[in-house]
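Asks: Handing you this structure, nothing more for now.
The values are calculated or read from the model by the stated rules, or taken from the named source; none is laboratory data. Note that this is a predicted model, so its numbers are computed, not measured. FYI the Cβ positions are ideal-geometry reconstructions off the backbone, even for glycines, and counts take in every protein chain you see.
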Amino acid sequence: MGRFRREAGKRGVFADIARACAVGAATFVFGAALAAVTPEKVTPLLPPLQLEPGAVFTEFGPLPPRPDEPPDAVALGARLFEDPRLSGSGQIACASCHNRELAFADGVSRSFGHDRTRLTRNAPSLATVGWMSTLFWDGRADSLEAQALMPILHPDEMRGSLPEVRRRLAADASYRVAFTQAFGDADVTDGRIAQALAAFQRSLSPRRSRYSRFIAGEADALDAAQQRGLALFRGKAGCASCHNGPLLSDQRFHNLGLSFYGRPRQDLGRYAVTGAREDVGAFRTPSLLGVSRTAPYMHNGGLPTLAGVVAFYNAGGARPRPRGDQLDDPLFPETSALLRPRHLTREEQADLVAFLEAL
Ligand code: HEC
Ligand code: HEC
C-alpha cells in the first residue's frame, strides 16, 4: 500500500487518491454510518466513489483465492462436463452451451437446447461461479451441487433421465475407474455426478486481465483511457452502485426494465423464485470479469455490444410505461431507482467501453 501510494503520487495517476482511500473494505449500505476505516486494507489507486442512495457497496479488490478442489473430482467433473451422454439425445453436453473457448458461454443471445429448442435466456460464463452465492439469472439455485442436475433434466436443455445417465456411465469401465479415484468406489450416483460437476466448475477462474493486474497492485496495467473509464465506472456513470466487490457484482437482484412485461417475450426474473412484487423483472447483477469475451449481453442476450450496453445505461436503462389496461396492475414492474440518465459524452462512453474491455 505504501509503495503503491508513493508510485501513484509520482505518476499522478489519479487526482484524488486520498479520497479514494477513505472507503473501508467492508460492505456497507450507502447512507448508513461508515465503520472505522482501515486504509491499509483498501486496494490502492481507486478513484473516488459516487453511489446512489440505497446502493449496497463492497470495495473493489482482487478475487479472494478459493480452496483447492480435490483433483480427481475436478478431473471427473471436467470429463462429465464435456460428455453428451448426459443428455437424452446423446448429443448435448454442458460444454455445448458453456464452451471453454468462449469463456464458458456460447456466444449467442439465447442458447439452443434439445432438438435445437431456443431457450429463453442467455448462457452465462461460468468463470466466476465458484464465488457466486446464488446461481442463474434469477438466483434459483444456491449451490453448484443443487444446480448441476437441473440442465440435465430440463426438457428444453438436455432432456436427460438420471437412471439412464447412471446406466450409461456405469457401463463405461473408464468412468468406473474415474469414480473410484474421486470417491473411493465405483458407484455412480446422482449426488456424485453433481459433486464432480460442481468441483470442476469451482476450479475455474477468470483469465488474468489488465484489470486483474491493476487491482492486484500493478498501477500502470490500465492505460489512460481505461483509467478514465474506471473513474467513470465508480463515479459519474453510476456503475459501482451495483457492480462492486471483487466480482464487480453486488450479487443482488435489480430490474433494469428488460422484462418485456405483458409482452410475448416476458421474463419475470426473480419474481418466479420469491413471488415478491418488487422482484418482478429483477435479475442478478452479473460479474463483469472477462465481460469483453461473453457478448451478447443481459439475461436475454438482447444487447450485442458493450457500446450498446453503455448507451443503454447512459439513457437511464429502460422505463416501460404501463399500457392503458395495465394501469391498475399491481405487478407492473418498476425500474430500479439506482438507474438514471448519466449524460456521458461520446468520449466518456468510449472510455467506459475501454475499461470494460480491460476486465
Ligand atoms: C442448452 C444450453 C445449456 C446446457 C446444455 C447447459 N447450460 Fe448451463 N446455462 C444455460 C443457460 C441459458 C443458463 C442461464 C439460465 C438461467 O439463468 O435461467 C445457464 C446457467 C448455468 C449456470 C449458472 C451460472 C450463473 O452465473 O449463475 C451454471 C452453473 C450452469 N449453467 C452449469 C451447467 C452445467 C453443469 C451443465 C451440464 C450439466 C449445463 N450448464 C448445461 C444453458 C445451458
Ligand atoms: C441497478 C444496478 C445496476 C447498475 C447501476 C448497473 N448495472 Fe450493469 N447489470 C445489472 C444487472 C441486474 C444486470 C443484468 C440485467 C438483466 O439481464 O436484465 C446487468 C448487466 C450488465 C452487463 C451485461 C453482462 C452480461 O454478462 O450480460 C454489463 C456489461 C453491465 N451490466 C455493465 C454496467 C455498466 C457499464 C454500468 C454503468 C454504466 C452498469 N452496468 C450499471 C445491474 C446494474
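Asks: For Arg252, state whether it is basic (Lys, Arg), within 12 Å of ligand 2 (Cβ to nearest atom) and surrounded by fewer than 18 Cβ atoms within 10 Å (Cβ to Cβ).
Replies: Working: basic (Lys, Arg): yes; within 12 Å of ligand 2 (Cβ to nearest atom): yes; surrounded by fewer than 18 Cβ atoms within 10 Å (Cβ to Cβ): yes.
Yes.
Asks: Please list, ordered by residue number, the helices (runs of 4 or more DSSP H) wholly in segment 241-359 having 2 or more residues that are under 25 Å from Gly229 (Cβ atoms), assigned by TED's automatic domain parsing to the domain that holds Ala123 and within 16 Å of ligand 1 (Cβ to nearest atom).
Replies: Working: elements: 271-274, 306-314, 346-357.
Counting at least 2 such residues, we get no helices (runs of 4 or more DSSP H) at all.
Asks: List, please: which pairs have Cβ atoms under 6 Å, are six or more places apart or on different chains, and start with a residue in segment 300-314 that is within 15 Å of Leu258 (Cβ to Cβ) and end with one that is part of a helix (DSSP H, G or I) and near ligand 2 (Cβ under 8 Å from one of its atoms)?
Replies: Qualifying pairs under 6 Å: Leu303/Val309.
Asks: Additional query: Please note which helices (runs of 4 or more DSSP H) are completely contained in segment 136-217 and include at least 2 residues that are farther than 30 Å from Ala231 by Cβ, touching a residue at least 24 places away in the same chain (Cβ under 8 Å) and not basic (Lys, Arg). Before you say what the answer is, go through the steps one by one.
Replies: On the way: elements: 144-153, 162-170, 173-183, 190-202, 210-215.
In segment 136-217, the matching helices (runs of 4 or more DSSP H) lie at 144-153, 162-170, 173-183, 190-202.
Asks: Tally up the residues in segment 218-228 that are crowded, with 21+ Cβ neighbours inside 10 Å and either assigned to a helix (DSSP H, G or I) or in contact with a strand residue (DSSP E or B) (Cβ under 6 Å, 6 or more places away or on another chain) (or both), please. Can you show your working first?
Replies: As a first pass, look at segment 218-228 and keep what is crowded, with 21+ Cβ neighbours inside 10 Å: 222, 226-227.
Those still in the list that are either assigned to a helix (DSSP H, G or I) or in contact with a strand residue (DSSP E or B) (Cβ under 6 Å, 6 or more places away or on another chain) (or both) too: 226-227.
Adding up the residues that qualify gives 2.
Every residue, every condition in (1) at pLDDT 95 or above; (2) within 10 Å of ligand 2 (Cβ to nearest atom), yes or no:
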site: Pro296; (1), (2): yes, yes
site: Thr305; (1), (2): yes, yes
site: Val309; (1), (2): yes, yes
site: Ala315; (1), (2): yes, no
site: Gln326; (1), (2): no, no
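Asks: Name the residue that is nearest to ligand 1 (Cβ to nearest atom), counting only residues in segment 70-88 that are closer than 12 Å to Ile152 by Cβ and not hydrophobic (A, V, I, L, M, F, W, C). First the steps, then the outcome.
Replies: Taking segment 70-88 as the starting set, the residues that turn out to be closer than 12 Å to Ile152 by Cβ are 80-81, 83-88.
Filter once more, keeping what is not hydrophobic (A, V, I, L, M, F, W, C): 83-85, 87-88.
Numbers: Asp83: 9, Pro84: 9, Arg85: 11, Ser87: 7, Gly88: 11 Å.
The selected residue is Ser87.
Asks: Sticking with this one: Could you list, in sequence order, the residues of segment 329-347 that are touching a Lys or Arg at 6+ places or on another chain (Cβ under 7 Å) and under 11 Å from Asp279 (Cα atoms)?
Replies: Correct list: Leu331, Thr335.
Asks: Here are some residues: Ala93, Ala123. Which one is in contact with a Cys (Cβ under 9 Å, 6 or more places away or on another chain) and within 8 Å of ligand 1 (Cβ to nearest atom)?
Replies: Values: Ala93 fails: in contact with a Cys (Cβ under 9 Å, 6 or more places away or on another chain).
Of Ala93, Ala123, the one residue that is in contact with a Cys (Cβ under 9 Å, 6 or more places away or on another chain) and within 8 Å of ligand 1 (Cβ to nearest atom) is Ala123.
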